[in-house]
Amino acid sequence: MSDLSPTITTEKPGDAEAIERLNERTFGPGRYARSAYRIREKVKHALDLSFTARIGTLLVGSVRLTPVTIGGAPALLLGPLTVEPPFRSHGIGRALMERSLAEAKAKGHRLVVLVGDEPFYGRIGFKRVPPNSVRMPGPVDKARLLVHELTPGAFAGVSGDVMPDWDRAEPV
């Protein structure tokens, strides 16, 4: 595995089945009980902001962004971010995130939220949400609720529930 040069491209509708299998291998059936999945099961992710990583023809990673609101403020929900276990620790997940965040910023989006580990996502610019300012549906470890401002100051004054953005996303 000396050359892991992934090719990162915009997710295509035909990628859905392979991505679902990858998510199954990575997160297992318990993923459906997670708070972020409760949002994702209601609206479609944005294909133009979601990316895959391939090494040759093998799909080895995926990241998706889903339109949400936080207390009515437009935002994006990042996830799931997944990389095949043998290809982890080679920068593929970071490359996927950087590409999706850059594309979101270029398209005028200002704010991204996720549930994840601050030591990992903090390297990309995610910070812990202040206590009691943002709520996800269902239980979530508040220390894992993170936000990234694509535009400085975009999170100022934002608080409330994270909900699917019915104005910017199609129902599932």
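The values are calculated or read from the model by the stated rules, or taken from the named source; none is laboratory data. All of these numbers come straight from a predicted model, not from anything done at the bench. Virtual Cβ from ideal backbone geometry, glycine too; neighbours counted across all protein chains shown.
Observations on the model:
- The set of residues from the stretch 49-92 being touching a Phe, Trp or Tyr at 6+ places or on another chain (Cβ under 8 Å) and within 19 Å of VAL115 (Cα to Cα) comprises GLY61, SER62, VAL63, PRO80, THR82.
- Residues that are touching a Gly at 6+ places or on another chain (Cβ under 9 Å) and surrounded by 22 or more Cβ atoms within 10 Å (Cβ to Cβ) number at least 2 in the following strands (runs of 3 or more DSSP E) confined to the stretch 1-100: 51-55, 58-70, 73-83.
- Taking residues in the stretch 64-75 that are touching a residue at least 60 places away in the same chain (Cβ under 8 Å), and partners anywhere that are of a type in the set (Ser, Thr, Tyr), the pairs with Cβ atoms closer than 6 Å and at least 6 places apart or on different chains are GLY71/SER159.
- All positions within the stretch 118-150 that are among the β-branched types (Val, Ile, Thr) and part of a loop (DSSP other than H, G, I, E, B): VAL129, VAL140
- Scoring PHE87 on the criteria (1) at pLDDT below 95; (2) on the phi > 0 side of the Ramachandran plot leaves a single failure, condition (2).
- Any hit, the stretch 163-170, residues being closer than 30 Å to LEU58 by Cα, out of contact with any Cys (no Cβ under 8 Å at 6 or more places or on another chain) and surrounded by fewer than 15 Cβ atoms within 10 Å (Cβ to Cβ): yes
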